[in-house]
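First the structure, in the form of structure tokens, and then the observations on it.
The values are calculated or read from the model by the stated rules, or taken from the named source; none is laboratory data. All figures in this text were calculated on a predicted structure; none of them were measured in a lab. Please note: Cβ atoms are built from the backbone with ideal geometry, for glycine as well, and neighbour counts cover all protein chains shown. Ligands, DNA and RNA are stripped out before the accessible areas are found, and what is left, the full protein with its side chains, is counted by its heavy atoms. Shrake-Rupley method; radii C 1.70, N 1.55, O 1.52, S 1.80 Å.
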Amino acid sequence: MANEYDADQIQILEGLEAVRKRPGMYIGSISSRGLHHLVYEIVDNAVDEALAGYCHNIEVTIQKDNSITVEDDGRGIPVGINHKAGKSALEVVFTILHAGGKFGGGGYKVSGGLHGVGASVVNALSEWLDVKVKRDGKVYHQRYNRGKAVCQVEEIGTCPEGETGTTISFLPDKEIFEETVYDFDTLENRLRETAFLTKNLRITLTDVREDAPRQSVYHYEGGIKEFVTYLNGSSEPLYPEVIYCEGMKDNVYVEVAMQHNDGYNEATYAFVNNIITPEGGTHLEGFRRALTKTFNDYARANRLLKDSEDNLSGEDIREGMTAIVSIKIEDPQFEGQTKQKLGNSEARGAVESVVSEGLTIFLEQNPSVAKTICEKAILAQRARAAARHARDMTRRKSALDGLALPGKLADCTDPNPENCEIYIVEGDSAGGSAKTARSRATQAILPLRGKILNVEKAREDRIYQNAEIKAMITAFGTGIFDDFDITKLRYNKIIIMTDADVDGAHIATLLLTFLYRFMPELIKQGHVYLAQPPLYRLEKNKKIWYAYTDEELSSILDEVGRDNNNKIQRYKGLGEMDAEQLWDTTMDPEKRILNRVVYNEETAATIDRTFTTLMGDQVEPRREFIEKNAKYVTNLDI
Ligand code: TSJ
């Protein structure tokens with residue numbers, strides 16, 4: 001018996017040692033992302049208890065030393081001896097890989113799903129982990145160092161009969177993680193999402209690292225209905241109610257909430273057992289099928305769509321729609337390269353039938369909402385036809401007339417595109433200076449006026465009518481979408497030059513979004529750059545310095561001395577520079593700083609998230625987001 005126990009012990013240590021040797025295999029990465037993953041892993045176990053109906057509150061605290069405490073009011077992890085393992089069930093949870101959900105059985109588990117690797121992995125990757133369980137009027141405790149129990153499960157006190165719960169504290173191991181400082185906003189976004197997806201669960205996040213503690217509470221009685229309202233944010237809903245369907249079929253629990261706004265983008269997020277599935281899968285297919293069929297049936301039956309007219313496409317119906325599809329399933333199967341696509345075929349049928357049924361009833365009971373949505377879809381159908389036509393026209397035009405270059409463009413003269421670059425300049429006055437300053441042979445200038453159209457917020461047919469966009473398409477010469485042909489590119493570098501302030505960053509983001517959506521290859525092949533104008537001009541004893549960052553200004557001042565002879569000008573915009581200064585600081589290929597826009601999954605995700613995102617459609621947080629993430633979009637390339 002003793003021998004067997006020892007053998008088990010050795011196996012366990014080998015298991016957790018494997019986690020410490022290859023942490024990336026278990027939590028994806030040892031960067032900030034992996035660090036935050038530890039919290040989700042622990043919280044998900046408490047969420048499972050909530051889904052089972054026994055837990056209503058989860059409190060997460062970021063402690064001063066960046067250790068994390070998670071406390072729930074569930075039944076408390078069982079502490080009795082697990083006979084198979086020969087030790088406390090509690091210890092099994094923290095020392096055996098994938099032990100989560102081994103007992104209790106049944107129910108839908110968040111943990112153990114796509115990422116759920118179990119509490120033992122968190123334990124293995126923590127300098128210390130401390131557990132307290134309240135059950136049967138008693139308080140139990142155990143502690144671990146780097147996965148190894150430093151004491152038995154011990155009774156350390158009593159608590160009022162009926163008070164139950166689990167409290168876990170852990171300190172991520174500095175030997176393992178590259179980053180060990182928690183970010184409130186990152187945890188907040190994920191915990192908020194979890195609260196939206198779990199009706200009647202209250203999650204509290206508290207940060208006590210600063211003298212003034214920060215606290216947020218996430219509690220949504222309306223669940224995913226409120227999630228949709230939140231995501232729609234400041235955009236105008238087309239009708240007041242959020243459509244909601246719920247039901248159970250083939251052991252799949254289905255919940256869907258949706259609402260249209262007056263925009264043109266679809267934002268549907270699908271979840272399986274509270275885990276987001278960015279690549280969709282069978283549940284999303286079922287949802288789309290139900291939507292398309294139900295609306296077409298309704299539109300025909302109510303003569304909103306005549307017999308002679310084409311069916312509405314799924315895309316038409318989903319224009320401007322925000323939706324959450326959330327299913328709970330006992331044994332989710334994930335497919336695809338990144339294992340992020342749901343494969344269970346019963347999910348397709350379950351979602352399709354629950355949504356068809358629920359939506360049909362809703363439309364019958366809310367004819368004015370039904371009519372509003374159908375009318376929007378019919379408009380979308382017409383706009384799509386117009387856009388196809390406009391796109392054909394752009395194609396034919398460039399084929400027939402060759403180059404009808406835009407009037408505002410000051411083109412360069414060198415016939416070899418390899419040597420050429422085009423500056424897209426915000427504002428006529430900066431455009432004028434740039435035209436004077438440029439090197440005519442190789443530098444073309446295209447000034448853009450006023451606000452740049454946000455292609456995420458306009459229908460495709462309107463995009464083609466926009467003068468700025470038309471000018472860029474013709475100037476670049478490549479065509480767009482399927483017609484895109486990189487060999488026709490007229491400039492080797494496309495350089496976006498905007499003011500070095502928040503508005504400038506916003507305009508640059510709008511331009512990048514246009515390029516990313518219409519000509520992604522330009523970014524992928526590294527042709528797109530952001531110019532970097534200086535922030536400061538320093539004059540002293542007839543000599544001039546330019547500084548591009550605050551740090552640079554400071555180091556120049558250190559060098560020349562901080563005294564009264566310094567004349568410092570802070571540039572508020574490109575317009576404050578004359579042609580010569582603009583050339584010296586931002587356009588002279590010998591001296592300028594260019595930031596190449598890099599395309600990678602991160603960029604793509606950033607751009608997608610910036611506009612279509614789980615942050616909701618609120619302008620202010622969005623702008624903040626752009627500023628914060630500007631660093632992801634570019635890297636330095638002098
Ligand atoms: F991840 C974890 F294990 F560390 C953890 C588990 C962390 C946190 C914050 C909470 C939990 C947790 C586990 N909360 N509640 C539970 N519940 C159970 O483990 C449990 C309790 C009773 C029964 C039963 O059948 O009586 C079954 C289970 C799974």
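Applied to segment 524-538, the Karplus parametrisation 6.51 cos²θ - 1.76 cosθ + 1.60 on θ = phi - 60° returns per-residue 3J(HN,Hα) values of 4, 8, x, 8, 10, 9, 10, 6, 10, x, x, 8, 9, 10, 10 Hz, with x for Gly and Pro. Annotation: amide H-H contacts under 5 Å for GLY165 (H modelled 1.01 Å from N, sequence separation of 5 or more, or interchain): GLY76, LYS134. When only the Cβ of Lys, Arg, Asp and Glu is charged (+1, +1, -1, -1), the dipole of the chain relative to its Cα centre reaches about 1480 debye. Across segment 150-156, computed HN-Hα scalar couplings (Karplus, 6.51 cos²θ - 1.76 cosθ + 1.60, θ = phi - 60°) run 9, 7, 6, 5, 10, 7, 10 Hz from first to last residue, x flagging Gly and Pro. A straight Cα-to-Cα reach below 12 Å connects LYS199 with the aspartates and glutamates GLU221, GLU226, GLU255, residues fewer than 8 places away in its own chain not being considered. By DSSP, the beta bridges lying fully in the chain are antiparallel in about 75 percent of cases. Just subtract the alpha-carbon distance of GLU346 and GLN569 from 0.36 nm times their residue separation and send over the number in nm, one decimal. Computed gain between GLU346 and GLN569 is 73.6 nm. For LYS87, the amide hydrogen comes within under 5 Å of the amide hydrogens of ASN82, counting only partners 5 or more places away or on other chains and with H modelled in the peptide plane. For segment 269-388, the dipole from Cβ point charges (+1 on Lys and Arg, -1 on Asp and Glu) about the Cα centre works out to 400 debye, to the nearest 20. May I ask you to give the percent of accessible area on the chain that is carbon plus sulfur, with a probe radius of 1.4 Å? Here it works out to 48 percent. Per-residue 3J(HN,Hα) values for segment 404-409, derived from phi via the Karplus relation 6.51 cos²θ - 1.76 cosθ + 1.60 with θ = phi - 60°, read 9, 5, x, x, 6, 6 Hz in sequence order (x marks Gly and Pro). Near the amide H of LEU535, within less than 5 Å, lie the amide hydrogens of ALA547, TYR548, THR549, all on another chain or at least 5 residues away, with H placed in the peptide plane. Equivalent ellipsoid of the chain: semi-axes from √(5λ) of the C-alpha gyration tensor, largest first, are 51, 36, 20 Å.
A prolate overall shape is assigned to segment 303-352, the ratio a/c of its alpha-carbon gyration tensor axes (a ≥ b ≥ c) being 1.5 or greater and a/b exceeding b/c. Of the residues ASN265, GLY165, ILE68, the one whose Cα sits farthest toward the positive end of the charge dipole of the chain, with +1 on the Cβ of Lys and Arg and -1 on the Cβ of Asp and Glu, is ASN265.
Kindly rank 460-471, 381-392, 259-270 from highest to lowest mean number of other beta carbons found within 10 Å of each residue.
259-270, 460-471, 381-392
Partners of LYS84 within straight-line reach, counting aspartates and glutamates whose Cα lies under 13 Å from its Cα and excluding those fewer than 8 residues away in the same chain: GLU4, ASP8. One decimal place: the segment ASP211-ASN492 gains 95.9 nm when fully extended, by the rule 0.36 nm per residue minus the C-alpha distance.
Given the options PHE196, SER234, ILE317, identify the residue whose Cα lies farthest towards the positive end of the charge dipole of the chain (+1 on Cβ of Lys, Arg; -1 on Cβ of Asp, Glu). Value: ILE317. Solvent-accessible surface of the chain, taken per residue with a 1.4 Å probe and all protein chains present: 47 Å².
Measuring between alpha carbons in the structure, the pairs from LYS134/LYS225; LYS341/LYS524; LYS21/LYS134; LYS138/LYS225; LYS64/LYS572 lying more than 31 angstrom apart are LYS134/LYS225; LYS21/LYS134; LYS138/LYS225; LYS64/LYS572.
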